[in-house]
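Below is one structure, written out as structure tokens, with a few remarks after it.
The values are calculated or read from the model by the stated rules, or taken from the named source; none is laboratory data. Since this is a predicted model, take the numbers as computed values, not measurements. FYI the Cβ positions are ideal-geometry reconstructions off the backbone, even for glycines, and counts take in every protein chain you see.
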């Protein structure tokens, strides 16, 4: 698999992630604001800062992994990225469209677990890259706890 193909596909998946998540997350802001929030809910500004960072780092990491000479790593990266993004988008849909709060928590659990290979590959590529991608993994874990927190309170 060519490096350009791996990097390009990775970027395409990240862009689709950003667009899809933005579409569903903005569908019912009034309903979201009416929910009882978990006490560990970060302020809105954190969301506005972390998501652009996460999307950029996913794209950067995709190109960095693509530059490696390992077809196996390329396949693992693309498969893990696509599956984790599908699970994250499924969370956004479940949470904001049919308001299935508990099911959305399980979708984010899957996304969090499916992201682990991405972090491992990022660290194998370089320690600074792994450290730069670690906030995405941590953010997914926080988001998962928030999803279950919303399910428990509403």
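Values as computed for the structure displayed
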item	result
Tally, over segment 71-88, of residues that are more than 17 Å from residue 112 (Cα to Cα) and surrounded by fewer than 15 Cβ atoms within 10 Å (Cβ to Cβ)	3
Residue that is farthest from residue 33 (Cα to Cα) [pool: residues in segment 69-106 that are under 17 Å from the mean Cα position of the chain (by Cα) and without any contact (Cβ under 8 Å) to a residue 24 or more places away in the chain]	79
Yes/no for residue 52 being out of contact with any helix residue (DSSP H, G or I) (no Cβ under 6 Å at 6 or more places or on another chain) and not in a helix (DSSP H, G or I)	no
Among (1) modelled with pLDDT under 95; (2) within 23 Å of residue 2 (Cβ to Cβ) - the single one residue 95 does not satisfy	(2)
Test for residue 114: is it closer than 15 Å to residue 133 by Cα, out of contact with any strand residue (DSSP E or B) (no Cβ under 6 Å at 6 or more places or on another chain), in contact (Cβ under 8 Å) with a residue 24 or more places away in the chain and surrounded by 18 or more Cβ atoms within 10 Å (Cβ to Cβ)	yes
Residue that is surrounded by the most Cβ atoms within 10 Å (Cβ to Cβ), among those in segment 31-70 that are under 22 Å from residue 1 (Cα atoms) and at pLDDT below 95	68
